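J.: Can you read through this structure? Questions will come right after.
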Amino acid sequence: MKSSADIQEAKAAALEVLLHNAKGPFQDLPRTAGWGYPEPYTRDLLISGLGILASGHPVLVASLRRVMAKLAEHQSPLGNIPSLVHDPEDRGASDTTPLFLLLAGILRRESGDPAYLDPAVQKALRWMEYQTTDDRVMVAQQPTSDWRDEHWVLGHGLFVNTLVYGYLKLLGQDDRAAELQSAVNGPDDQVDTRHPVQGLAIRGRPTYAMWSYKVLRDERCDLLGNSLAILTGMAPRTRAGKMVTWIEAECYGMRHRHELAGDLPPCFFPFVLPTDPDWRPRYALFNLPGDYHNGGVWPFVCGFYIAALVAAGRQRLAEDKLWALAQRLKSAREAKVAYGFNEWHKAQTGAPSGQDWQTWSASMFLYAAACVERGRPLFFELQPLA
């Protein structure tokens, strides 16, 4: 590793951010960013749970358990988990319920309590069963309903289905997980005409498609979804190594073409361009090429990628990327702080954008650092439930 002192300094700064954000103005729930985003956004806080649990800090772990308890309290009658922790009427996200189940599974294993939040877990599992369009196992979603609120993911999205695979394994539903793994890894050109559901595998390429629905699909690389496919084990180990090699080669080419600054990968590539058929007019305002969800560099996503590198056996590369992330996290858009832990960075320049002291940016750095330091993908080396 280039400098362990740099990593330790960034870890201390990340803890400072998380402790600062641990209580916000809404029912003493954590805030999503240090100064902007005072609201407790469900997906952000649940993703942050990985770093919080890796840190083991009692104040932060208690805050995560508060979030989980409040979400269970605010769960809809049908089992849906709201998009804002404190507002049971704010619904419509495709990733909040699977994230709740993922964290519930991790907390059950970490605490040794197999019945943790069981009524809410059972209701959430039933809700997810009804999110399939074909009454099988791959779940579907509406556009802009996952963390990409400015980007279209239609039908069977990779990211959400990796979360489903993760919680199925964590909750001991191995048969259903195997069914989902088989469906996702299905080829893209052998569609059963009676039941036209494609998998997410791409012929001639190791990474998975971003989404697929009937004859439609987007074969660009969703870094978060592909990283989770490796981390959860949904991608076979032999495929995982090839996925990393392909991603690194593509990023090398982007740097050569001046589409990417620095050593960290963008969240999505190649970018959607105004000349592409899937370009949407709204992207011109909020989702330009290399910005936001159209290929911005998101520190929290990079944290997942680093953990995936560890899971794929690429320890040295993970160490290099962790150091690069620690350096990138120093930049801030507005705050006068040593570490900005910014929301996202423009791909072509590395300039910080969005909010400073973002909770999931700080937390996922801690998670990535813990995976690198321990040489294993925390929480995803699964043993059978007792």
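Each value in this text was obtained by applying a stated rule to the coordinates, not by laboratory testing. Note that the structure is a prediction, hence the values are computed from the model and not measured. No Cβ is skipped: glycine too gets one built from the backbone with ideal geometry, and neighbour counts run over all protein chains shown.
J.: Say the cut-off is 24 Å between C-alpha atoms; which of LYS242/LYS321; LYS23/LYS70; LYS123/LYS169; LYS23/LYS169; LYS11/LYS70 go over it?
T.: LYS23/LYS169; LYS11/LYS70
J.: Measure out, as a whole number of angstrom, how far apart the alpha-carbon centroids of the stretch 63-123 and the stretch 199-267 sit.
T.: With the stretch 63-123 and the stretch 199-267 each reduced to a Cα centre, they are spaced 29 Å.
J.: Follow-up. Looking at the P(r) of the chain, how many percent of alpha-carbon pairs lie beyond 36 Å?
T.: Roughly 15 percent, rounded to a whole number.
J.: Using the Cα atoms of the stretch 93-190 to build a convex hull, what is its mean projected area in square nanometres?
T.: In nm², the orientation-averaged hull projection of the stretch 93-190 is 6.5.
J.: In whole Å, what are the Cα extents of the stretch 329-386 along the three principal axes, biggest one first?
T.: Ordered largest first, the stretch 329-386 gives principal extents of 49, 23, 19 Å.
J.: With θ taken as phi - 60° and the coefficients 6.51, -1.76 and 1.60, list the Karplus ³J(HN,Hα) couplings across the stretch 218-227 in order, rounded to whole Hz; mark glycine and proline as x.
T.: Result, ordered by residue: 10, 8, 5, 8, 8, 4, 5, x, 5, 5 Hz.
J.: With springs only between Cα atoms under 10 Å, which of LEU117, LEU285, LEU29 fluctuates most in a Gaussian network model of the chain?
T.: LEU285
J.: What is the order of PHE341, PHE286, PHE365, PHE271, fewest Cβ neighbours within 10 Å to most?
T.: Sorted ascending by nearby Cβ count, the order is PHE286, PHE271, PHE365, PHE341.
J.: Lys and Arg at +1, Asp and Glu at -1: add these up for the other residues within a Cβ distance under 9 Å of LEU170 and post the number.
T.: My count for the surroundings of LEU170 gives +3.
J.: Sticking with this structure for a sec: Do me a favour and compute the ellipsoid semi-axes for the stretch 1-129 from its Cα gyration tensor, root of five times each eigenvalue, largest one first, whole Å.
T.: Listed largest to smallest, the semi-axes of the stretch 1-129 are 27, 17, 12 Å.
J.: How much net charge surrounds ALA312 when only the other residues with a Cβ under 15 Å from the Cβ of ALA312 are counted, with Lys and Arg +1 and Asp and Glu -1?
T.: Computed value for this residue: +3.
J.: Follow-up question, since we're still on this one. Who wins for biggest fluctuation among ALA338, ALA54, ALA72 in a Gaussian network model of the chain, springs between alpha carbons below 10 Å?
T.: ALA338
J.: Using Cα springs under 10 Å in a Gaussian network model of the chain, which residue among PRO88, PRO77, PRO352 shows the largest mean-square fluctuation?
T.: PRO77
J.: Between GLU73 and ALA249, what is 0.36 nm times their sequence separation minus the Cα-Cα distance? Round to one decimal in nm.
T.: 58.7 nm
J.: Once you have the alpha carbon radius of gyration of the stretch 233-386, what is it after dividing by 2.2 N^0.38 Å, with N set to its residue count?
T.: 1.09
J.: I'd like the Karplus ³J(HN,Hα) series for the stretch 19-36: coefficients 6.51, -1.76, 1.60, θ = phi - 60°, whole numbers in Hz, and an x wherever there's a Gly or Pro.
T.: Computed from phi, the couplings for the stretch 19-36 are 5, 4, 8, 5, 9, x, x, 10, 6, 6, 7, x, 9, 7, 8, x, 10, x Hz.
J.: Ranking ARG203, ARG66 by Cβ neighbours within 10 Å, fewest first, what do you get?
T.: ARG203, ARG66
J.: Over the chain, what is the mean sequence separation of C-alpha contacts under 8 Å (at least six apart), divided by residue count, expressed as relative contact order in percent?
T.: Averaging sequence separation for qualifying contacts and normalising by length gives 18 percent for the chain.
J.: Okay, next question. What FRET efficiency comes out for the pair ALA324/ARG203, r = Cβ-Cβ distance, R0 = 51 Å, nearest 0.05?
T.: Efficiency, from the Cβ-Cβ distance: 0.95.
J.: How do SER212, SER145 line up, fewest other C-beta atoms within 10 Å first?
T.: If I rank by nearby Cβ atoms, fewest first, I get SER145, SER212.
J.: List every residue whose amide H lies under 5 Å from the amide H of ALA33, counting only residues 5 or more places away in sequence or on a different chain, with H placed 1.01 Å from N in the peptide plane.
T.: Answer set, sorted by chain and number: THR359.
J.: Can you list residues whose amide H is under 5 Å from SER353's amide H, if they're 5+ apart or on another chain and H is modeled 1.01 Å from N?
T.: GLU343, TRP344, HIS345, LYS346
J.: Moving on to the next point. Any idea what diffusion coefficient the stretch 314-356 gets from Stokes-Einstein, in µm²/s, Kirkwood Rh on alpha carbon pairs, 25 °C, 0.890 mPa s?
T.: D = 225 µm²/s.
J.: Taking the Cβ of ALA249 as the centre, find all other residues whose Cβ is under 12 Å away and add up their charges (Lys, Arg: +1; Asp, Glu: -1).
T.: Surrounding charge for ALA249 is +1.
J.: Rounded to the nearest 500, what is the 222 nm mean residue ellipticity of the chain from helices alone, with -39500 (n - 2.57) per DSSP H run of 4+ residues and division by all residues?
T.: -15000 deg cm²/dmol
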